[in-house]
Amino acid sequence: MGSVKQVSIVLAKYCPHCVPFSLRNAERMAEDFGVPLRVLDIEIPELEAAADRLVEEHGDWSEDYLIPQVFVEYEDGQVDHVLTGFSEAVSATEAAWDSLFSSDYYRTRIKERVTTERKPLKEFVETHLSFKGSCRRHCDSPTSLVPVWSDAENLVGAYVCPSAYVSRVIYFSVKPDIDWFRGFLTAQVGEEIVNDRDIRPATRHGWEMGNDAVAEIGEVSPNSRVQEVYWTIYPRTENAKRRGIFLCSGPEDDRGCHKLFVQDITSTNTLCPKCQ
């Protein structure tokens, strides 16, 4: 079996089994697999023939066939028919989608997608989304992006000056989970420090970063874009202005746990209390 090439859904917009929830679920499926979604609307003449051919060759065919029908198509030409709507009730079709998402088949496709040739996001970010800046609220020294945590599709990095002060934290992701990011921050600096108003998302496209990024972004993101979620503290009280976020690190001797911690903004400590 080759890698997944695309997900196809045969539907009609008048069908309550199709729109909105089956179309929305098919979009989720394509995103989870990291491939395009092909929508074949049988009410559009130029799409009807392709829909009929796909259903006749690989699905549940009759002259007036049931919709929606959903297919997973592979690079080697194999096609898996994975769902046909239930004519009995919309709720039955919804239940079929739920069963598909929880099936071993679906989990296996997700696992295959994660272990394919996609490059780690960290490498792309360090090449195309890492910049030199200046420290804010603390000093005028230059800052650089320091990785704090990463996996294949996510990176949390901090812009840090030589004194370990953190100007901002950025969560880079192919598919960001802001609730997770909020919890990550809270676990390190405390709930009272993390304010939802200070968390702001942004979308980055390949063309914003130059020709090399355009050529490479598809290797890390199935939708050819990377999301950034910024956390920049904007203190609103005198007490908050006296606190700063630092990254536990000892540049000269490679000490430190590389976690975020809070201390007086004038402190010269570069290590958190546990690592001092």
Subject >> Considering residues of the range 139-165 that are among the hydroxyl-bearing types (S, T, Y) and in a strand (DSSP E or B) only, the residue nearest to R182 (Cα to Cα) >> reply: S150
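Going by the conditions given, is S221 touching a residue at least 40 places away in the same chain (Cβ under 8 Å) and in a loop (DSSP other than H, G, I, E, B)? Can you show your working first?
On the way: touching a residue at least 40 places away in the same chain (Cβ under 8 Å): yes; in a loop (DSSP other than H, G, I, E, B): yes.
When the stated conditions are applied, S221 passes them.
Please verify whether the range 108-130 includes one or more residues that are closer than 30 Å to P16 by Cα and either among the charged types (D, E, K, R) or touching a Cys at 6+ places or on another chain (Cβ under 8 Å) (or both). Reasoning before the result, please.
So in the range 108-130, the residues closer than 30 Å to P16 by Cα come out as 108-110.
After this cut, where a residue has to be either among the charged types (D, E, K, R) or touching a Cys at 6+ places or on another chain (Cβ under 8 Å) (or both) as well, the list is 109.
Yes: one or more hits.
For the condition of a type in the set (A, V, I, L, M, F, W, C), at pLDDT 95 or above and more than 24 Å from F124 (Cβ to Cβ), what is the one hit in I245, I193? Spell out the reasoning first.
Numbers: I193 fails: at pLDDT 95 or above.
Only one candidate passes the filter, namely I245.
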Subject >> Residues within the range 242-276 that are surrounded by 13 or more Cβ atoms within 10 Å (Cβ to Cβ) and among the basic types (K, R), tallied >> reply: 3
Subject >> Residue selected from the range 206-223 under the condition modelled with pLDDT of 85 or more and polar (S, T, N, Q), by the criterion nearest to K175 (Cα to Cα) >> reply: S221
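Would you confirm whether or not the range 150-157 contains a residue that is out of contact with any Asp or Glu (no Cβ under 7 Å at 6 or more places or on another chain) and surrounded by fewer than 16 Cβ atoms within 10 Å (Cβ to Cβ)? Before the answer, list the steps.
Restricting attention to the range 150-157, the residues satisfying the condition of being out of contact with any Asp or Glu (no Cβ under 7 Å at 6 or more places or on another chain) are 150-157.
Remaining after also requiring surrounded by fewer than 16 Cβ atoms within 10 Å (Cβ to Cβ): 151-152.
Within the range 150-157 (the criterion being out of contact with any Asp or Glu (no Cβ under 7 Å at 6 or more places or on another chain) and surrounded by fewer than 16 Cβ atoms within 10 Å (Cβ to Cβ)), the answer is yes, since at least one residue qualifies.
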Original post:
Which one of these is in a loop (DSSP other than H, G, I, E, B), of a type in the set (K, R) and within 25 Å of Y234 (Cα to Cα): R197, R168, R136?
Top reply: R136
**OP:** Please go through the range 224-273 and pick out each residue that is of a type in the set (A, V, I, L, M, F, W, C) and assigned to a strand (DSSP E or B).
**Re:** V226, V229, W231, I245, F246, L247, L260, F261, V262
Subject >> Count of residues meeting criterion [of a type in the set (S, T, N, Q) and either over 24 Å from Y65 (Cα atoms) or surrounded by fewer than 21 Cβ atoms within 10 Å (Cβ to Cβ) (or both)] in the range 1-24 >> reply: 2
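The values are calculated or read from the model by the stated rules, or taken from the named source; none is laboratory data. Since the model is a prediction, treat every value here as computed from it, not as a measurement. All Cβ positions, glycine included, derive from the backbone under ideal geometry; neighbour counts span all protein chains shown.
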